[in-house]
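Just below is one structure, and these are the notes that go with it.
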Amino acid sequence: MQRKTQIMDAAAMRRSITRMAHEILERNRGLDNVVIVGIETRGVPLAERIADRLLDIEGVRPPVYALNPRPYRDDVDLLARPEKPELPAQGVRGKVVVLVDDVLYTGRTVRAALDALMLVGRARMVQLATLVDRGHRELPIRPDFVGKNVPTARDEEITVQFTEVDEEEGVWICRATPSSSDAGGAHR
């Protein structure tokens, strides 16, 4: 994968996260019963940063949980799935869950995360926050909170990097190469 164009630097990411935090507060009229669930891998540092901004703005930091939706994808054998994801049931049951991922593409990862959440407990509401929405949806899923809409071609990828995971910060549009993999935060 070759980097093509940087579309967000660290400062732009910070501004988007701040705006998304304000939107979450406004939509929910505060943070009562709000929990944030980050989709592994890069949705987790994004979720933590949103929670930190909410603390700065509102003086309250909602609980943050990490969710691995891979076992619940529709292309994984049902027998290979764990019975339930590792989330505390009391953490989501009856709560407003803000599901967070770095890039929204086809919607299949979000669908898997929703399936996993439903196995844990019934949330009062689930809202979706993503740093980058690149389009090309295969399922009827739409984010509630978006850092940046970036229309892409199918042969392009979005790479998001956080210092917590990658020791570098930014978002890039990249040209896919035949040997590109999903490593390094690339979303085809």
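The values are calculated or read from the model by the stated rules, or taken from the named source; none is laboratory data. Here the structure is a predicted model, which is why all the values come from computation and not from measurement. Here Cβ is always computed from backbone atoms with ideal geometry, including for glycine, and neighbour counts include all displayed protein chains. Please note that ligands, DNA and RNA were not included when accessible areas were found on the heavy atoms of the full protein model with its side chains. Shrake-Rupley method; radii C 1.70, N 1.55, O 1.52, S 1.80 Å.
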Which aspartates and glutamates have a Cα lying under 17 Å from the Cα of LYS148, excluding residues fewer than 8 positions away in the same chain?
ASP9, GLU23, ASP101, ASP102, ASP133, GLU156, GLU157, GLU169
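For region 81-188, which GluC sites (Glu not before Pro) are both in a DSSP coil and crowded by at most 13 other Cβ atoms within 10 Å?
Values: sites: GLU83, GLU86, GLU138, GLU156, GLU157, GLU164, GLU167, GLU168, GLU169; in loops: GLU83, GLU86, GLU138, GLU167, GLU168, GLU169.
Counting only loop positions with at most 13 other Cβ atoms within 10 Å, the GluC sites (Glu not before Pro) in region 81-188 are GLU83, GLU86, GLU138, GLU167, GLU168.
Determine the sum of side-chain charges near VAL132: Lys and Arg each +1, Asp and Glu each -1, restricted to other residues whose C-beta is under 10 angstrom from that of VAL132.
Working: positive: ARG134, LYS148; negative: ASP101, ASP102, ASP133.
With Lys, Arg at +1 and Asp, Glu at -1, the neighbours total -1.
Please grab the % of Cα pairs in region 49-188 that end up more than 26 Å from each other. All intermediate terms of the calculation are to be shown ahead of the outcome.
Working: 2747 of 9730 pairs.
When every Cα pair of region 49-188 is considered, 28 percent fall beyond 26 Å.
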Taking every Cα atom in region 30-111, find the radius of gyration and the maximum pairwise distance Dmax, and write them in Å.
13.7, 44
Do you know the relative contact order of region 25-111, to the nearest whole percent, from alpha carbon pairs under 8 angstrom that are 6+ apart?
40
Please label the shape of region 1-73 as rounded, prolate or oblate, based on the square roots a ≥ b ≥ c of the eigenvalues of the alpha-carbon gyration tensor (a/c under 1.5 means rounded; beyond that, a/b larger than b/c means prolate, else oblate).
oblate
Treating only the Cβ atoms of Lys and Arg (+1) and Asp and Glu (-1) as charged, compute the dipole magnitude of the chain about its Cα centre; round to the nearest 20 debye.
560
In nm, to one decimal, how far is the GLU164 label point from the ASP75 one, both placed 7 Å along Cα→Cβ?
2.7
Provide the per-residue ³J(HN,Hα) series for region 147-160, in order, calculated from phi with Karplus coefficients 6.51, -1.76, 1.60 and θ = phi - 60°, each as a whole number of Hz, with x at glycine and proline positions.
x, 7, 8, 10, x, 10, 7, 5, 8, 10, 10, 10, 10, 10
Find how much the distance from GLN2 to GLU40 grows on full extension, using 0.36 nm per residue of separation minus their present alpha carbon separation; answer in nm with one decimal.
11.3 nm
Nearest-0.05 FRET efficiency for THR106 and ALA12, computed from C-beta distance (R0 22 Å):
0.35
With every protein chain present, what accessible area does ARG70 have (1.4 Å probe, heavy atoms only), rounded to the nearest 10 Å²?
120
Let me have the relative contact order for region 60-188, percent, based on Cα pairs under 8 Å that are six or more residues apart.
20
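Starting from the Cα gyration tensor of region 69-126, take the square roots of the eigenvalues, sort them a ≥ b ≥ c, and report rounded, prolate or oblate (rounded when a/c is under 1.5, otherwise prolate if a/b is larger than b/c, else oblate).
Oblate, because a/c is 1.5 or more while a/b does not exceed b/c.
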